[in-house]
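Only one structure is covered here, and it is reproduced in the block below.
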Amino acid sequence: MTAVKAYNQSSENALEVRDLRKIYKGKGKVPDKEALKGISLSVPRGSFFGLLGPNGAGKSTLINILAGLVNKTSGTASVCGYDINKDMRLARRALGVVPQELNLDAFFSAREVMEFQAGLYGVPKSQRRTSEILEAMGLSDKADSYARTLSGGMRRRLLVAKAMVHQPDVLILDEPTAGVDIELRQQLWGYIRKLNEAGTTIILTTHYLEEAEELCDEIAIINHGEVVACEPTDKLLSKLDAKSITIVLDQDIEHIPDSLHVFNPALSQGHRLTIQYKPSEADIGSILSRISESGLSIKDLTTEEPDLEDAFLQMTSSKTQNR
Ligand SMILES: Nc1ncnc2c1ncn2[C@@H]1O[C@H](COP(=O)(O)OP(=O)(O)OP(=O)(O)O)[C@@H](O)[C@H]1O
Ligand SMILES: [Mg+2]
């Protein structure tokens, strides 16, 4: 492989997956497992795409098929327009994958891991950015340490560094921040954001939903081998149509006034009223004026928007068996 950029200009999508299926064959008493039940996904070039789902949903299976680590049962997948089977070399060159498994050669130093990978992808010495990438991943002072002497979080960051040596157009990160501390996580995301701004398509899986909500412009949720949602993040959230408002009254009350029962409020601590409402059906203004009309005085109020965690739970909690 060479480090020359592999663009297939005819493809607008960084990733195109059609009806992808994977059945892991069982053995003895272990039955077959259908991990992917016909997944279709399109990831536009340049996007920051989140692939979310509970444990066992099939995320890593999908990623490992793209990376050539797992054989698909049927369906097609292409990276930047290159079919992963028919144009395997070009597809591989366009793709960098950070696997979930910490599979590093224990007897290589961090720098050697990077240089070996660069050699594998044919990156000329003059174009290698080993030190720059190691620094961005907070690993400069570990450059000459053996991989086996690195901590779990450091190994994960080295895997991220390794996936970037050939400057792939599409970078897939399978749980890149599991076990990475908060400060270095921020540093890692800062660097990945910059890569994205410079045009690299980022696809990531994470169980830190706040991270996905903050970073991803589009999100797919996978459950039991099926895509159950795939939308721009803000659209996914706005669809939930559920907000809540908590009103702090200036004094305790014993009963909720009859005129407020229509909102089905919950009274706590004697002076806090919490109301769940659907923005499509009611607005805050009408709720507040109804409270004032009932003779209550408002001291303070807070509102809560639905977040990605609410969306995730709503779309995945109905079927939690067979993990
Ligand atoms: N090599 C394998 N052989 C048999 N079954 C497998 C294999 N790898 C994964 N599976 C099964 O396929 C299903 C999907 O697993 P996968 O690792 O893709 O899930 P995931 O979404 O990545 O989960 P997690 O969030 O825990 O990483 C699971 O039921 C898992 O047990
Ligand atoms: Mg996984």
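Coordinate-derived values only; no laboratory data. Just so you know, these numbers come straight off a predicted model, no measurement behind them. Glycine gets a Cβ as well: all are built from the backbone with ideal geometry, and neighbour counts include every protein chain shown.
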Share of alpha-carbon pairs per 10 Å distance bin for region 96-151, given as whole %: 23, 56, 21, 0
Against the longest principal axis of the chain, how steep is helix 284-293, in degrees 0 to 90 to the nearest 10, with axes from Cα atoms? 20 degrees
Over the Cα atoms of the chain, how large are the radius of gyration and the largest Cα-Cα distance (Dmax), in Å? 24.5, 77
Determine the gain in length on full extension of the stretch E12-N71; use 0.36 nm per residue of separation and subtract their C-alpha separation, reporting nm with one decimal. 18.7 nm
Please report, in cubic angstrom per residue, the volume enclosed by the convex hull of the alpha-carbon atoms of region 179-323. 183 Å³
Once normalised by the length of the chain, the mean sequence separation of its alpha carbon contacts under 8 Å that are 6 or more apart gives a contact order in percent of 19 percent
Please sort 213-226, 287-300, 79-92, 106-119 by packing, taking for each peptide the average over its residues of neighbouring beta carbons within 10 angstrom, highest first. 213-226, 79-92, 106-119, 287-300
A student asked for the Cα radius of gyration and Dmax of region 241-305 in angstrom ought to give 10.9, 31
per DSSP, antiparallel bridges as share of beta bridges in the chain, % nearest 5, sits at 70 percent
Given Cβ charges of +1 for Lys and Arg and -1 for Asp and Glu, the option among L215, S42, V79 whose Cα lies farthest towards the positive end of the dipole of the chain is V79
Rounded to the nearest 0.05, what FRET efficiency do R111 and K86 give with R0 = 35 Å and r taken as the Cβ-Cβ distance? Could you check? 0.50
Expected output is a single nm value to one decimal: the length gained when fully extending between R21 and S131, i.e. 0.36 nm times separation in residues minus the C-alpha distance. What is it? 35.6 nm
Please get the size of the charge dipole for the chain, origin at its Cα centre, with Cβ charges of +1 on Lys and Arg and -1 on Asp and Glu, quoted in debye to the nearest 20. 2120 debye
Mind checking the full-extension length gain between T302 and D32? Use 0.36 nm per residue of separation minus the Cα-Cα distance, one decimal, nm. 92.2 nm
